[in-house]
Amino acid sequence: MIDLRSDTVTKPSLAMREAMHHAEVGDDVFGDDPTVNQLQRYAADLVGKEAAIFVPSGTMGNLAAILAHAGRGQELLLGDESHIYHYEAGGASALGGLVFHPIPTNAQGELDLAALNAAVRPAYDAHAAQAGLVCLENSHNRCGGTVLSLEYLAQVQQWASSQNLPVHMDGARVFNAAVALGVPASTITKHVDSVQFCLSKGLGAPIGSIVAGSGEFIKKVHRWRKMLGGGMRQVGVVAAAGMIALNEGRERLIDDHVNAKMLAEALSQLPQIELDLASVQTNIIVFGLRDSTFSPEQLVERLRQAGVLIVPFKGRLRAVTHVDVNREQCTEASSIIAEVLQSA
Ligand SMILES: Cc1ncc(COP(=O)(O)O)c(C=O)c1O
């Protein structure tokens, strides 16, 4: 099977398994796990923040960060296409009492500044919930892995600080964004108060995410992580794989981007496929079908039978490149997709 469903399907490398085997561990709830402490320090430095905390998943990282920034009855201004809005089970609302205030998202994954501004209701109005936090996503999953520009981030930062609003970045794939822009991740994250990024996506670790921000903020996230059940014990066995992911996975992401571009170019030449090459900026390819010979679900099933896994996505289809699919397999996948479409 050539598995292009997501960059979360990767298996830990041999180096990761060896590091896990040899990891020095301690009880991390006591702050005693040296491998976790090392990972947290290293991760904080990479994104230019004072402190960082290791959490089991991106969803928990985003939730703990949101709850540390804002509270019950406050509004969370977030993109109407964001992962937090669509795919995190409404946690900030269900568990934190925050009010989701979705803002229209453009094709690049940006939230319009005028719309953000209009979403902030006057403090004197007792009828209105008050904005408590802005969330951005970078790279943007539902927009097809698009990358926010540094200029846009600077504008949001300036506007948010004028409103006294913190900004959190769901940077599940922030290192993909950094590679696409050719800048260190800290050049991106300096524009936000906090960031969550996943070790378990393109970086290739089996488990885990990081939340980074100021020291005071991370203390609050630490409390929320405990409350959410994310305090883990000898979790250095997992953090050890995370260290390898950060050390060896970041630079390698460029291969996934090159493979995605190559696959996208091949697919865009098929008459049955509608694909905007400009939208392929990182490791995610989203494409549509020009005719109704196959529904996305039918094509997914036919491709599965032929040995390629992709997913239906917003009425279209999504393929994601990652460490466990090499260039030859991407070429093979494009040939299989062409054959299946031509067989109709
Ligand atoms: C943009 C984005 N944010 C957050 C998450 C959540 O991460 P996890 O699956 O580790 O909870 C994902 C997962 O795919 C994601 O794509």
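Annotations for the structure displayed:
- Residue pairs whose Cβ atoms lie under 8 Å apart, separated by 6 or more positions or on different chains, with the first residue in the stretch 279-295 and part of a loop (DSSP other than H, G, I, E, B) and the second among the β-branched types (V, I, T), are Q281/T146; Q281/V147; T282/T146; T282/V147; T282/V179; N283/V320; N283/T321; R290/I273.
- Any hit, the stretch 187-194, residues being buried (at least 24 other Cβ atoms within 10 Å of the Cβ), of a type in the set (S, T, Y) and under 12 Å from the mean Cα position of the chain (by Cα): no
- Yes/no for D193 being closer than 21 Å to A172 by Cβ and acidic (D, E): yes
- Taken over the stretch 1-10, residues that are away from the ligand (no atom under 16 Å from the Cβ) and in contact with a Lys or Arg (Cβ under 9 Å, 6 or more places away or on another chain) amount to 1.
- In the stretch 115-141, the residues that are over 21 Å from S194 (Cα atoms) and either more than 25 Å from the chain's Cα centre (by Cα) or within 16 Å of the ligand (Cβ to nearest atom) (or both): A118, R121, P122, A123, Y124, D125, A126, H127, A128, A129
- Long-range neighbours under 8 Å by Cβ, at least six apart or interchain, first residue surrounded by 15 or more Cβ atoms within 10 Å (Cβ to Cβ) within the stretch 111-133, second at pLDDT below 95 and of a type in the set (V, I, T): none
The values are calculated or read from the model by the stated rules, or taken from the named source; none is laboratory data. Computed from a predicted structure; not experimentally measured. Please note: Cβ atoms are built from the backbone with ideal geometry, for glycine as well, and neighbour counts cover all protein chains shown.
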